[in-house]
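The values are calculated or read from the model by the stated rules, or taken from the named source; none is laboratory data. Because the structure is predicted, anything quoted here is derived from the model rather than measured. Here the Cβ positions follow ideal geometry from the backbone for every residue, glycine too, while neighbour counts run over all protein chains shown. Each accessible area value is taken on the protein alone, full model and side chains, heavy atoms only, with ligands, DNA and RNA left out. Shrake-Rupley method; radii C 1.70, N 1.55, O 1.52, S 1.80 Å.
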Amino acid sequence: MSLPVALPAAGPSPSPIPSGSETPAVPTLQDAQESATNAATWVEQNWSTWLAIGLKVLLVLVIAVVLRKIVLRAITKFIDRMNRTSESPEGITLGGLLVNAERRRQRSHAIGSVLRSVASFLILGTAALMVLSSFQIDLAPLLASAGVAGVAIGFGARNLVTDFLSGVFMILEDQYGVGDSIDAGVASGEVVEVGLRVTKLRGDNGEIWYVRNGEIKRIGNLSQGWATAGVDVTVRPTEDLDRVRATLEEVAEKMAKEEPWNELLWGPIQILGLDSVLIDSMVVRLSAKTMPGKALTVERELRWRIKRAFDEADIRIVGGVPVALTEEEAPDPTAAVAAPSVFSNADSPQVAATAPISPQRPVPPGK
């Protein structure tokens, strides 16, 4: 009898295995050796591919970081050069009518911030797409989705895009800044804050206007460069023009030497001459170049001084308080009184003749 046949006969009969269940396979040492061999074989076959991908990703990241630093440094040098831009004799620089160094610094800082953000987004975004393509990831669905999303955003948020682009160009062109007094068409006032989408204005009554940059079609800046103060003086046509000019020149020369008007006036007060000659008046116009936003203040002070000087020189301003009339010029008080009439006496024959006829009583019939 052989051993395989004798062993079952000697031992007890095994218990039957329930139907529907299987014994779990226990991994053996041989299975582990086979798995390790397969992994080593796979690594050996693909290590060159993974190494190439890793080197490519590393190269893309290094180039992106270096290129970003170079571009940011170039933008910084460009902004510094803008700050060092020398002003012309009239205070005009390359970027616009700027007279304040702090204003130029704020503008250049805003421009630099926008340019750095755009450059970083473009460079890092391109690098991210190149890294994904290195891992054999299909970018066509991603780019298609991005294109569809861009078109949807462009149609749905076109006002937002318009406001943003308008704000960028307003900052780049330095159309206005914080502290400027502007007329934006839809609102006017002093600029409180300049954003890429909304500009805040404080009106004359203290209200705050939020104006979208895309809604601004035209801008009148009252604070850049210089302002012009104009004063019209109306006198009688009989006044001596030489005496009027001499008085005005004396007022202008004295005002230009006193503080703080010598700082607010950026040029001499010019007497432009007669603006109009009418039957009952003459208009003499004066003009002066002033600090931005100070034209109204200069005009009020100039009118004040001209009125006082004309009163001292006995020059009458048409429309003002009349001067005392002399005896020769005093009109006859009875000139405007009508001649006495005979109708003012109730007993006169003329009044009796014009008295209405009294109605007669009707006569009854039969009398």
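Output needed for segment 156-219: three equivalent-ellipsoid semi-axes, defined as square roots of 5 times the C-alpha gyration tensor eigenvalues, in descending order, whole Å. The partial results should precede the final answer.
Numbers: eigenvalues 74, 31, 17 Å².
Output for segment 156-219: semi-axes of 19, 13, 9 Å.
Accessible area of segment 245-285 with a 1.4 Å probe: how many percent of it is carbon plus sulfur?
Numbers: 1370 of 2700 Å².
Its accessible area is 51 percent carbon and sulfur atoms.
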Subject >> FRET efficiency for Q30 and F78, using Cβ-Cβ distance with R0 set to 56 Å, rounded to 0.05 >> reply: 0.20
Original post:
If R0 is 45 Å, what FRET efficiency do you get for K69 and W304 from their C-beta distance, rounded to 0.05?
Top reply: 0.15
Original post:
What's the carbon and sulfur percent of segment 162-232's accessible surface, probe 1.4 angstrom, rounded to a whole number?
Top reply: 52
Subject >> Accessible area (Å², per residue) of segment 153-263, counting only protein heavy atoms and a probe of 1.4 Å >> reply: 59
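List the GluC sites (Glu not before Pro) in segment 236-294 that DSSP assigns to loop (not H, G, I, E or B) and whose Cβ has at most 15 other Cβ atoms within 10 Å. Which are they?
Working: sites: E239, E249, E250, E253, E258, E263; in loops: E239, E258.
In loop regions of segment 236-294 (DSSP not H, G, I, E or B), the sparsely surrounded GluC sites (Glu not before Pro) are E258.
Multiply the residue separation of S287 and E253 by 0.36 nm, subtract the distance between their alpha-carbon atoms, and state the gained length in nm to one decimal.
Numbers: separation 34, 0.36 × 34 = 12.24 nm, distance 1.33 nm.
Between S287 and E253, full extension yields 10.9 nm more.
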